[in-house]
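We did not get these values from a lab; they are worked out from the coordinates using the rules stated. Fair warning: this is a prediction, and the values are worked out from it, not measured in the lab. Note: ideal-geometry Cβ built from the backbone for every residue, glycine included; neighbour counts use all protein chains shown.
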Amino acid sequence: MAFLRNLKTLESFKSPNYRWYFSGLAGQWAGTSMQMVAQALLIYRLSNSAIILGLLALANAIPQVVLSLFAGVLADRFPKKHLIQASQAVGVINALGIGIALTSGYMSSEHTGSWWIIVVAGFLQGAFSALATPARYAIIPELVGKDRVMNALSLSTMAQNVFQFVGPALGGFLIDTFNFQTIYFIMSGFGILAMICTGFLPATVAVQTKSRNVLKDIKEGLKYTWSHKTVFFVVGFVVMGVIIATPSGAMLSIFTDDILHVGATGLGVLQSASGIGALAATLVLASVPGKRRGWIMIASGLGMGLSLLIFAFSRFWPLSIIMMVLFGISKSGHITPGITLMQTYTDREYLGRVQSIPSVSMGIGGLAAFFVGVLAESIGVEWATGGFALIMVVISALAILGLPRLRNLE
């Protein structure tokens, strides 16, 4: 135990507050990781439509686009703990509601259009996730200090990837062995556990912003990001990666059901493969010094685009699994250093608002997923997904060649 405590990899666990933060998010991730399989696959099997699948992504995206910038102001004004707990509570309510609807028999293929419950749940989850995401990232320096941000963020991302590895495979197995409602009731239990753990966090002190006008605060945050070019370039590249990567997750159930023909278990395996890669990447990032983070972020963006491009046109099951592993490695290598650089170079009084910009990109990514769903109906999911991946390849290559300021960030 003494050896483990001295490892730099586990440095942030020396903070009791971080341990509660980590435990609370772990409970949330446990449920979310199984939802990755259940939600998209359930709505696709109820509707048999790529457009409806894209509509789910759209319902989740709209509140994120609309509310994320406001959420950044809230994170700078109010204790972040309460925002995180609100999101966890909505997750519990959603899971219970869908579980009951499935158990009662209302949500089934016999009831045409019963998939509306999943869309409404996605909208509510998107709204409260938007409110909580800037707070969830901005609270980390308050719990561990700025010198441990990379380590703390990597540890939390690493744990998320562990659940992404275990949860989807377990979820797919439970769906094929039992039913969808089993997943949703288990998810609600994990959500309650998350709320209890987060409740032990201190009510961190809010930063007093210069203005009490919300719109003015948002404008100041955007102006700050634009005027600080280092922050601007980092935020821009993180945003682009999120927008390009999001549609792939939304369309994955089409690949597994209609192209690779591997069912719910196969969907879980692919998502778990991505989790394995992400876990490996975050373990390395948590253990090494914070050097060449700009280069890692850009190179990982290139890897993310290439692996997704190959996956989109793969018909060979082992190759698809390998590409998902590489995609997970690249995605973590892109996002974790990017968020760390944002927190390193952003002044504390603007941190929540700057962190809210990538949250907006998650919503825009959902809009992109809806667009990809529409394209998939006409040109095929392979070309729709592969086209977005190619955009990421081109942008990353241009950044490597033409943005030395971003590439050389430490």
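Expected output is a single nm value to one decimal: the length gained when fully extending between Thr230 and Leu10, i.e. 0.36 nm times separation in residues minus the C-alpha distance. What is it? Spell out each step's value before the answer.
Details: separation 220, 0.36 × 220 = 79.20 nm, distance 2.92 nm.
That works out to 76.3 nm of additional length.
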| remark: For the chain, longest principal axis from Cα atoms; helix 293-312 axis from its Cα atoms; angle between them, nearest 10 degrees, is 10 degrees
| query | Modelled label-to-label distance, Val66 and Thr112, 7 Å Cα→beta-carbon offset: nm? | reply | 2.9 nm
| field | Tensor-based shape of the chain (alpha-carbon gyration tensor, a/c under 1.5 rounded, otherwise prolate or oblate) | value | rounded
| message | How tilted is helix 214-227 with respect to the longest principal axis of the chain? Cα atoms for both, answer in degrees (0 to 90, nearest 10). | response | 70 degrees
| query | Which order do Thr340, Thr177 fall in if you start with the one that has the fewest other Cβ atoms within 10 Å? | reply | Thr177, Thr340
| Given Ser108, Ile391, Gly266, which one lies farthest toward the positive end of the charge dipole of the chain, if we put +1 on the Cβ of every Lys and Arg and -1 on the Cβ of every Asp and Glu? | Ile391
| For the range 229-259 and the range 279-351, distance of Cα centres in Å | 11 Å
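Once you charge only the Cβ atoms, +1 for Lys and Arg and -1 for Asp and Glu, what is the size of the charge dipole of the chain about its Cα centre, to the nearest 20 debye?
Numbers: 26 positive and 15 negative charges, 307 e Å.
Its charge dipole is roughly 1480 debye.
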| task | Have a look at Gly72, Leu58, Ala86 and report the one farthest towards the positive end of the charge dipole of the range 54-156, computed about the Cα centre with Cβ charges (Lys/Arg +1, Asp/Glu -1). | result | Gly72
| request: Note down the nm distance, to one decimal, between modelled labels 7 Å out along Cα→Cβ at His82 and at Asn17. | output: 1.7 nm
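Taking 0.36 nm per intervening residue step and subtracting the Cα-Cα distance, what contour gain separates Ile100 from Val394 on full extension? Could you put the intermediate results ahead of the total?
Numbers: separation 294, 0.36 × 294 = 105.84 nm, distance 4.60 nm.
Value of the extension gain: 101.2 nm.
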| note | Helix 16-47: inclination vs the chain longest Cα principal axis, degrees, rounded to 10, gives 30 degrees
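Order 102-108, 342-348, 33-39 from most to least packed using the mean count of other Cβ atoms within 10 Å. List each step's numbers first, then the result.
Numbers: 102-108: 14.9, 342-348: 18.1, 33-39: 27.0.
Final packing ranking: 33-39, 342-348, 102-108.
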| Dipole of the range 10-407 [Lys/Arg +1, Asp/Glu -1 at C-beta], most positive-end residue of Phe13, Gly301, Ala130 | Phe13
| What nm distance separates the two modelled labels at Lys219 and Arg45, each placed 7 Å from Cα along Cα→Cβ? | 5.1 nm
